[in-house]
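The values are calculated or read from the model by the stated rules, or taken from the named source; none is laboratory data. Please read all numbers here as calculations on a predicted model, not as lab measurements. Neighbour counts are summed over all protein chains in view; Cβ atoms, including those assigned to glycine, are modelled from backbone coordinates with ideal geometry. The accessibility values were calculated without ligands, DNA or RNA, using every heavy atom of the protein model including side chains. Shrake-Rupley method; radii C 1.70, N 1.55, O 1.52, S 1.80 Å.
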Amino acid sequence: GFTFSGICRVTCLYGQVQVFGFNISQGQPAQDVFSTYTHSHLTINAVRYSMPEKSKKEIKREARTLLKSHLNLDDRCWSMQNFSPLCSIVLLEHLKTSTVKFITSYPGLSYIFMQESPTFQINSEYLALRSVGIKREKKKKGLHLSVSALSTLEELVNVSCEEVDGCPVILVCGSQDVGKSTFNRYLINQLLNSVSCVDYLECDLGQTEFTPPGCISLLNITEPILGPPFTHQKTPQKMVYYGKISCKNDYENYIEIIKYVFSSYRRESPLIINTMGWVSDEGLLLLIDLIRLLSPSHVVQFSSTHSKYMPALTPGYVDDKDGLYTKSKSKIRNQGFKLAEFAENLEFADEEKESPVVFTGHKLMCIHSEFAFRITPRNRELHNKILRDLAVLGYLGQLQPPVPKPLSPLHGLTPYQVPFNAVALRITHSDVAPTHILYAVNASWVGLCKILDDVRGYTNGPILLAQTPICDCLGFGICRGIDMEKQLYHILTPVPPEELRTVNCLLVGAISVPQCVFKNQNGLEGTIPYVTTDYNFKLPGASEKIGAREAEERHRGKLYPKPKLYRKVN
């Protein structure tokens, strides 16, 4: 194996290799690979393949022919000198993407993809790899899966390929920092070696895999996952913007949203369900509710020596334990798991209604995690905040033109003009006086949503919603300015125009625009808009405790005494 840091494009010219569980064979398309310092480094592993029934000379001639269209004569000769019949040859090329360029344009973030460290062996290999944009790393820095993880992966792949009992529904749970997300990515890649697509239900608000934070979403994955979340932001099949990184004290709304999103699952592909790392007290009871509601065929439960105790979620344990909203099996006195009033509104596709699902339990698969952990309780909050900011930046990177075109600073891009009376507004995480709503929306991260209510017909705006709706979220944007004279919001978003036409609601939650977007954009001169050092915590609403719907929820410190809402837009 070859463990490395950095990013590159990998093409298998001969044989077969595996990266993060995904097999890349000769003749297959090149794969973009992101081995970052925020996660375990990736390794390109050779894969055993059957020896072709040809002579060594014939095999060499075939390999030389395959290399001809990719390598010059000198490189082909070098490759053939080191060639053996069961080897694999990969081509590593320099990779540039607009998203990576955008993220690394902010000071201090380039280290995520490449770090300079003293090296005592600057040889031809080091220089060649550096020219590609990668660096060899020690094998111990790569991903090492435990025996229990490998056996679980093998069994889940076999079950998914058999299709005897339908598509498996796999719920992955465990406390924080035990490797759930890494396992999910690896499992997706392993499944994609055998099936054409994998469905993924995101229930972890704080560390989302394919969307910005604060979302519950359902996605159909057809491409391998060869990097951390901020390198593969995708458009979900169904998404709701919850607006916070935790569901504490708002459990019922969280459950209702999961029911709404899960109702779009068509049971045509294996489903992986990612859950929160909060598995104590109410978090455990909520997890039991989810198991009853989503009826997984398999529950993968992680544990580690450093994590908090969590009881084994066997079918018997789940049967006998009350959740937050569901009762134990002994109390409802029914065969199988039949949800009471709690799940009455759960709707499936038409074909599912004809043969209702009986919840008959699950198979528990336990994994003991053996990762070498770098995260401690002291730095976890900061580490997770950085990952959330990177996910937002990864999403905003979609605004950039494709390489090799130069980057465009966000303040240089033309926003959409949205009339006040075309969209309804709602602040989801805090009580804000109607007269202050526009102050809260200005320069904020907004969910672009579609509600069933018709907001047309209002001559004046803004239109304010009294309650937070459970509705489809089509994407996100930044409200980069508000024109009070013309009554227009200026929204910067990568959502395509044909989808924006259906947006009629803007939701503002506790997810904020990363500070670097305000402070470190290229080309800014003079006073930086929306940033101040003159901040008075004695002003009403300036304290994090005032106006917050939850006592422990941390409100953003972004209120201004007399902000100038209108900004000129070219």
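Summary of values
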| item | result |
| --- | --- |
| Near pairs, Cβ below 6 angstrom, 6+ apart or cross-chain, from the stretch 232-254 (in contact (Cβ under 8 Å) with a residue 12 or more places away in the chain and more than 18 Å from residue 500 (Cβ to Cβ)) to any residue that is open to solvent by 40 Å² or more (accessible area, probe 1.4 Å) and assigned to a loop (DSSP other than H, G, I, E, B) | 251/324 |
| The one condition in (1) of a type in the set (Ser, Thr, Tyr); (2) touching a strand residue (DSSP E or B) at 6+ places or on another chain (Cβ under 9 Å); (3) modelled with pLDDT under 95 that residue 38 fails to fulfil | (2) |
| Failed condition for residue 227, given (1) outside any loop (DSSP other than H, G, I, E, B); (2) of a type outside the set (Val, Ile, Thr); (3) within 30 Å of residue 4 (Cβ to Cβ) | (1) |
| Subset of the stretch 41-85 [at pLDDT below 85 and under 37 Å from the mean Cα position of the chain (by Cα)] | 49, 50 |
| Any hit, the stretch 13-22, residues being open to solvent by less than 50 Å² (accessible area, probe 1.4 Å), within 26 Å of the chain's Cα centre (by Cα), of a type in the set (Phe, Trp, Tyr) and more than 18 Å from residue 232 (Cβ to Cβ) | no |
| Within the stretch 354-372, considering residues that are at pLDDT 55 or above and farther than 16 Å from residue 168 by Cα, the one surrounded by the fewest Cβ atoms within 10 Å (Cβ to Cβ) | 372 |
| Answer from 432, 495 - the residue that is β-branched (Val, Ile, Thr) and within 28 Å of residue 210 (Cα to Cα) | 495 |
| One residue from 431, 483, 472, 453 being of a type in the set (Asp, Glu), buried (at least 20 other Cβ atoms within 10 Å of the Cβ) and touching a strand residue (DSSP E or B) at 6+ places or on another chain (Cβ under 9 Å) | 472 |
| Any hit, the stretch 520-531, residues being within 17 Å of residue 241 (Cβ to Cβ) and surrounded by 16 or more Cβ atoms within 10 Å (Cβ to Cβ) | no |
| Qualifying residue in the stretch 69-83 (condition: closer than 26 Å to residue 392 by Cα, without any contact (Cβ under 8 Å) to a residue 24 or more places away in the chain and not small (Gly, Ala, Ser)) | no |
| Those residues of the stretch 268-291 which are farther than 19 Å from residue 184 by Cβ and either open to solvent by 10 Å² or more (accessible area, probe 1.4 Å) or in a loop (DSSP other than H, G, I, E, B) (or both), in sequence order | 268, 280, 281, 282, 284, 285 |
| Flag for residue 198 being β-branched (Val, Ile, Thr) and touching a strand residue (DSSP E or B) at 6+ places or on another chain (Cβ under 8 Å) | yes |
| Count of residues meeting criterion [open to solvent by 50 Å² or more (accessible area, probe 1.4 Å), at pLDDT 85 or above and under 17 Å from residue 228 (Cβ atoms)] in the stretch 111-132 | 1 |
| Meets criteria (β-branched (Val, Ile, Thr) and closer than 25 Å to residue 309 by Cα) for residue 273 | yes |
